[in-house]
1. Angle between the Cα long axis of helix 2-20 and the longest principal axis of the chain, 0 to 90 degrees, nearest 10?
2. Treating only the Cβ atoms of Lys and Arg (+1) and Asp and Glu (-1) as charged, compute the dipole magnitude of the chain about its Cα centre; round to the nearest 20 debye.
3. Given points 7 Å out from each Cα along the Cα-Cβ axis, report the ALA10 to ASN81 separation in nanometres with one decimal.
4. Of the GluC sites (Glu not before Pro) in region 19-62, which ones lie in a loop per DSSP and count no more than 12 other C-beta atoms within 10 Å?
5. Report, ordered by chain and residue number, the aspartates and glutamates lying within cross-link reach of LYS60, taken as a straight Cα distance under 13 Å and ignoring same-chain residues fewer than 8 apart.
6. How much length is gained if the chain between VAL45 and TYR71 is pulled fully straight, taking 0.36 nm per residue apart and subtracting their Cα-Cα distance, in nm to one decimal?
7. At q = 0.11, 0.12, 0.14, 0.20 Å⁻¹, what base-10 log of I(q)/I(0) does the Debye formula yield for the chain when every alpha carbon is treated as an equal point scatterer in vacuo?
8. Which of LYS8/LYS70; LYS4/LYS70; LYS4/LYS80; LYS4/LYS52 have a Cα-Cα distance over 27 Å?
Amino acid sequence: MAEKEFLKRADEHINIANSHIGENVSTGEVSSSFMYGAARFNAWVAACEFEKAEDMGAAKEEIVEYFVGKYKEVLEEHIKNHIEEFDFGK
């Protein structure tokens, strides 16, 4: 059940992003907003783990490495899926 709920939440975020794509807003602009929002949210999630700003400052590189690593992992997975399964040009 946890994976189903995880994917449902992810799909809801994607649906919101897709709803912003339109005549005056490009996919690139929506993607930039989506990434900005994810970074802002994840910075807040990380901040919730600390009691003092200096502790978070000391862990900054570790926090960045964690989130960048996770993003890279799933981005590579989804690019691979598109390469293998997406019907380009048809």
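1. Around 70 degrees separate the two axes.
2. Details: 10 positive and 19 negative charges, 42 e Å.
I would put it at about 200 debye.
3. Between ALA10 and ASN81, the simple spin-label model gives 0.5 nm.
4. Values: sites: GLU23, GLU29, GLU49, GLU51, GLU54, GLU61, GLU62; in loops: GLU23, GLU49, GLU51.
The qualifying sites are GLU23, GLU49, GLU51.
5. Cα-Cα hits under 13 Å: GLU49.
6. Numbers: separation 26, 0.36 × 26 = 9.36 nm, distance 1.52 nm.
Working it through step by step, the gained length comes to 7.8 nm.
7. Results for the chain at q = 0.11, 0.12, 0.14, 0.20 Å⁻¹ read -0.46, -0.55, -0.72, -1.20.
8. Values: LYS8/LYS70 19 Å; LYS4/LYS70 19 Å; LYS4/LYS80 22 Å; LYS4/LYS52 36 Å.
Over 27 Å Cα-Cα: LYS4/LYS52.
None of the figures in this text is laboratory data; all of them are computed from the coordinates on show. Just so it is clear, the model here is predicted, and its values are computed rather than measured. Quick reminder, even Gly has a Cβ in these numbers, built from the backbone with ideal geometry, and neighbours come from all protein chains shown.
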